[in-house]
Structure formats: C-alpha cells, structure tokens
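Colleague: Dropping the structure in here first, questions after.
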Amino acid sequence: MDSVQAGRMWNDNADTWTQLSRAGYDVCRDTFNTPTFLEVLSDINNLEGLDIGCGEGHNTRLLARRGARMTGIDISERFIEHARAKEEEETLWISYRVADALHLPYPAETFNFATAFMSLMDMPDASRAISEAHRVLKPGGFFQFSISHPCFDTPHRKKLRDEEGNAYAFEISGYFQKLDGEVEEWTFGTLPLEKQEQVRKFKVARFTRTLSEWLNLLLDTGFTIERFAEPRPSDEVVLQHPNLQDARVFPFFLIVRARKQP
Ligand SMILES: C[S@@+](CC[C@H](N)C(=O)[O-])C[C@H]1O[C@@H](n2cnc3c(N)ncnc32)[C@H](O)[C@@H]1O
C-alpha cells in the first residue's frame, strides 16, 4: 500500500474523527498523550513550525497558542478543510496545506522545528518521512514526534484480568512481524458501546517497525536523539476514566525529540 492509498483511508475517516475528537472522545490524546508531548517540547515562542499529519489541527492550534508560527500539512483534504474552518472561527495565523509527508512541498531549511503527533506510524515509508522532516529543518532545528509504542502495539495483544476484572498484564507477541498496510478497524475506546455501533469505524493501514528500526532511521538520517517520553495517565485521570487503567500497565505511546546538527 502506498501513501496515497493510505491517505484515502484517512480522508474517509476525517469527518467522524473530527466530530468525535472535538466532542472529547480522544481521551488518550487529551488527558496524557498531548500533555506529555507539550511537557517535552522546548520553547517554541516566535519559531516557525511545521506540524506533519496535522489532522483537523487540534495539536497545531496548541502549538500556535504557545507562540509558534505554524504550518500544518495533511494528506487528507477533508481534514485540512476541517482545520481551515476552525482557523476561520479563531484566527491563530496557521497556514494549512494538503501535502504528503513523503514529499514535503517546502525548500530545504525552512522551519525551526517540526512535529508529528501520532502520524508517522501511519505512513508506508517512515524513512522517507523522517528524511523529509530533516531536509526542511534549519540547522540546529528539532523534530519531535509521538507514535504508538512499537514494543507494545504488536500484531497480537491480549488483556489479562485479575479477579476484580482489572487489567494487570498484557500478552504480547508478533513484535518482529512486519505489518505493511494491513487494514485495522477501530474507534475511540471511550465511546459508549451503543454509540460505537452507530458511528463509522476508522479504517487505518498499519505499518509496524521495531524500536531499533525507528531509532536507527533517525540516526541514519543524521538526527541526534535528545529526549524520550512514555506518557501515562495520572491517578486522577484514571479515576475519571477507569478504562485508561490499561495505559498504566504498559506505555501506549512513545515520544521522541531529535535534533538536526547545527
Ligand atoms: C492518528 S491521525 C493524527 C492526527 C493529528 N496529528 C492528531 O494528533 O490529532 C494521523 C494523521 O496522519 C495523516 N497522514 C497519514 N499519512 C500521511 C502522509 N503520508 N502525509 C501527511 N499526512 C498523513 C492522516 O491523514 C491523519 O490526519
């Protein structure tokens, strides 16, 4: 599967994704994944930033509110339409563009930093996406991204529960199995069951890589790896959203910050 085909699937997901995430159902993003991403982020005030795979622009807007001059790109026209509509409601001076992360339409050394929130693992050629991010960064610029944690988002995963029904472990296998565009259907886990039946499920092509493949891609591109984080929900968040207890058994996500040589 190529990025255009994978992108078409995302375009078909865009309306439901936008509606549900804006209604607060992307609880992992809102309660611990993006908050941790922002904790890891260095000062971006007055910097030129590129958000790669920006979707409907939620995280791009958070970066703009921190003072960065943001550009958001996404392969899905529908996502970009939703993002632009929001920009018309509240001007944050974000410029949105339909573009493929594997062929960024910008000259070399354009941006001070680039971000990719949960988008790189949805691309068939992460190596190309990482080298494109590297190309458009100015010397000394940084690239920070989040992905599904490669060690735990494996083809086989089964929850093991204790007598009270709480998850205490996960059975994991298939780590070295290479998924290359296999399509998975899912929706936000916090959506009530009756609503899950009513909404169109997201169809997402999966491309798996091991942890060492991800890290070596960055190193081979010339990045220096600077910071890691493995977000998890706080006690208070789990009290509010008990099904997020799973995210305290193992890390759902991995955040990496890497820097281009000055
Ligand atoms: C899981 S969503 C994340 C969206 C957004 N960053 C967020 O955190 O809410 C993945 C996004 O990556 C985009 N995407 C997938 N492949 C892409 C590609 N080759 N180029 C640009 N965007 C892509 C999808 O259209 C989708 O918006």
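Derivation of every value follows stated rules applied to the coordinates shown; laboratory data play no part. These figures come from a predicted structure and were not determined experimentally. Neighbour counts run over all protein chains shown; Cβ positions are idealised from the backbone, glycine included.
Colleague: So which residues in the range 56-72 are closer than 17 Å to Asn13 by Cα and buried (at least 22 other Cβ atoms within 10 Å of the Cβ), if there are any at all?
Modeller: Here is the first cut: in the range 56-72, the residues closer than 17 Å to Asn13 by Cα are 56-58.
Matches in the range 56-72: Glu56, Gly57.
Colleague: Hey, another quick one. Looking only at residues that are over 20 Å from Lys203 (Cβ atoms) and either free of Cβ contacts under 8 Å to residues at least 12 places away in the same chain or of a type in the set (A, V, I, L, M) (or both) in the range 106-125, which one is farthest from the ligand (Cβ to nearest atom)?
Modeller: Ala108
Colleague: Related question: Which of the residues belonging to the range 82-105 are of a type in the set (A, V, I, L, M) and within 14 Å of the ligand (Cβ to nearest atom)? Spell out how you get there, then give the answer.
Modeller: We begin by selecting, within the range 82-105, every residue of a type in the set (A, V, I, L, M); these are 83, 85, 92, 94, 98-99, 101-102, 104.
Within the range 82-105, Ala83, Ile94, Val98, Ala99, Ala101, Leu102, Leu104 meet the criteria.
Colleague: Which residues, taken from the range 30-62, are closer than 21 Å to Ala129 by Cα, more than 8 Å from the ligand (Cβ to nearest atom) and among the hydrophobic types (A, V, I, L, M, F, W, C)?
Modeller: If the condition is that a residue be closer than 21 Å to Ala129 by Cα, more than 8 Å from the ligand (Cβ to nearest atom) and among the hydrophobic types (A, V, I, L, M, F, W, C), then Phe37, Leu41, Leu50 are the ones that fit.
Colleague: Taking only pairs six or more apart or across chains, which ones have beta-carbon atoms under 6 Å, a first residue in the range 3-28 that is under 20 Å from Val98 (Cβ atoms), and a second residue that is more than 10 Å from the ligand (Cβ to nearest atom) and of a type in the set (Val, Ile, Thr)?
Modeller: From the range 3-28, the pairs are Thr16/Val199.
Colleague: How do the pairs read when you match residues in the range 138-167 that are free of Cβ contacts under 8 Å to residues at least 40 places away in the same chain with residues anywhere that are surrounded by 11 or more Cβ atoms within 10 Å (Cβ to Cβ), using Cβ under 6 Å and keeping only pairs 6 or more apart or on different chains?
Modeller: If the second residue must be surrounded by 11 or more Cβ atoms within 10 Å (Cβ to Cβ), the pairs left are His156/Ser173; His156/Gly174; Arg157/Phe170; Arg157/Ile172; Leu160/Ala169; Arg161/Ala167; Asp162/Tyr168.
Colleague: Got a sec? Which helices (runs of 4 or more DSSP H) wholly within the range 182-262 have at least 2 residues that are closer than 25 Å to Gln19 by Cα? Give the steps one after another, and end with the answer.
Modeller: Details: elements: 193-198, 211-221, 235-240.
Output list reads 193-198, 235-240.
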